[in-house]
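> Structure incoming, see below.
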Amino acid sequence: MTRIAVIVGSVRPGRYSRQVADWVYAEAAGRTDADFEIVDLADHPLPHLDEPVPASAGSYANEHTRAWSRRIAAFDGFVFVTPEYNHSTTGVLKNAIDYLYAEWNNKAAGFVGYGVVGAARAVEHLRLIAAEVQLATVRSQVALSFYTDFEGFTTLTPGEHQFEALRTTLDQVIAWSDALSGLRK
């Protein structure tokens, strides 16, 4: 069965990322075409990149990197949940991606962003980062706005169109993850 990680891309106190990731997971959990699991970066505290050699060498000096490697290697695709901070994604998510290389290769990625403009700029930056680690990003994405998809700017209440965007994103991530499986072998 195809395994997809829903990566919670913020560890900030009071974050909305977990609320959004839980929504993604709740919608995905009923599917029969893939297994989904939440991977919360708060559960994987990685110091600022501290490996002495580039990740592309695949030689990890630190146990926290080896543990992160095992965790990410177990998945066929990813849905990244990201806020937008200063027109980009979070430093902790960028750092977590930078720690590895081969573990991301030839897998699919989709994005669920949230913020004032749906984290559009954060997702655009993540697409560039993903390309460098050979993650194939799907076209569809979810862009949740604080103005229309959060009651009182705090409680996630996505409109029906967001559910459809999420279904399409999940469909594409699963299809691409399956299609890329031959390259991962």
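> Pairs please, first residue from region 9-20 and over 12 Å from Thr154 (Cα atoms), second anywhere and surrounded by fewer than 17 Cβ atoms within 10 Å (Cβ to Cβ), Cβ atoms under 6 Å, 6+ apart in sequence or on different chains.
Short answer, once both residue conditions are applied: Val11/Ala42.
> Shifting gears a bit: Can you confirm whether Ala102 is free of Cβ contacts under 8 Å to residues at least 12 places away in the same chain and either among the hydrophobic types (A, V, I, L, M, F, W, C) or not in a helix (DSSP H, G or I) (or both)? Please lay out each step first, then the result.
On the way: free of Cβ contacts under 8 Å to residues at least 12 places away in the same chain: no; either among the hydrophobic types (A, V, I, L, M, F, W, C) or not in a helix (DSSP H, G or I) (or both): yes.
No.
Results for (1) out of contact with any strand residue (DSSP E or B) (no Cβ under 6 Å at 6 or more places or on another chain); (2) touching a residue at least 60 places away in the same chain (Cβ under 8 Å), shown as yes or no for each residue.
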{"position": "Ala122", "(1), (2)": "no, no"}
{"position": "Ile129", "(1), (2)": "yes, no"}
{"position": "Arg139", "(1), (2)": "yes, no"}
{"position": "Ala143", "(1), (2)": "no, no"}
{"position": "Thr148", "(1), (2)": "yes, no"}
{"position": "Phe153", "(1), (2)": "yes, no"}
{"position": "Glu160", "(1), (2)": "yes, no"}
{"position": "Leu166", "(1), (2)": "no, yes"}
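> Let me ask you something else. Within region 128-140, identify whether any single residue is closer than 19 Å to Leu170 by Cα, small (Gly, Ala, Ser) and buried (at least 24 other Cβ atoms within 10 Å of the Cβ), and answer yes or no.
no
> Is it true that Ile4 is without any contact (Cβ under 8 Å) to a residue 60 or more places away in the chain and under 13 Å from the mean Cα position of the chain (by Cα)? Steps first, answer last, please.
Values: without any contact (Cβ under 8 Å) to a residue 60 or more places away in the chain: no; under 13 Å from the mean Cα position of the chain (by Cα): yes.
When the stated conditions are applied, Ile4 does not pass them.
> Of a type outside the set (Val, Ile, Thr), part of a helix (DSSP H, G or I) and out of contact with any His (no Cβ under 6 Å at 6 or more places or on another chain), is that true of Ser59?
Details: of a type outside the set (Val, Ile, Thr): yes; part of a helix (DSSP H, G or I): no; out of contact with any His (no Cβ under 6 Å at 6 or more places or on another chain): yes.
Considered against the rule, which asks whether it is of a type outside the set (Val, Ile, Thr), part of a helix (DSSP H, G or I) and out of contact with any His (no Cβ under 6 Å at 6 or more places or on another chain), Ser59 comes out as no.
> Which ones in region 43-54 are in contact with a Ser or Thr (Cβ under 9 Å, 6 or more places away or on another chain) and surrounded by 15 or more Cβ atoms within 10 Å (Cβ to Cβ)?
Hits for region 43-54 are Leu46, Glu51.
> Being hydroxyl-bearing (Ser, Thr, Tyr) and either part of a helix (DSSP H, G or I) or without any contact (Cβ under 8 Å) to a residue 24 or more places away in the chain (or both) is true for just one of Thr32, Thr82. Which residue is that?
Details: Thr82 fails: either part of a helix (DSSP H, G or I) or without any contact (Cβ under 8 Å) to a residue 24 or more places away in the chain (or both).
Criteria check complete, one pass: Thr32.
> Within region 106-133, how many residues are over 14 Å from the mean Cα position of the chain (by Cα) and not in a helix (DSSP H, G or I)?
Selection size over region 106-133: 5.
> Hey, Tyr99 hits all of (1) surrounded by 19 or more Cβ atoms within 10 Å (Cβ to Cβ); (2) touching a Gly at 6+ places or on another chain (Cβ under 9 Å) but one; which does it fall short on?
(2)
Only the coordinates and a few stated rules stand behind these numbers; no lab work does. These figures come from a predicted structure and were not determined experimentally. All Cβ positions, even for glycine, are placed from backbone atoms using ideal geometry, and neighbour counts span all protein chains on display.
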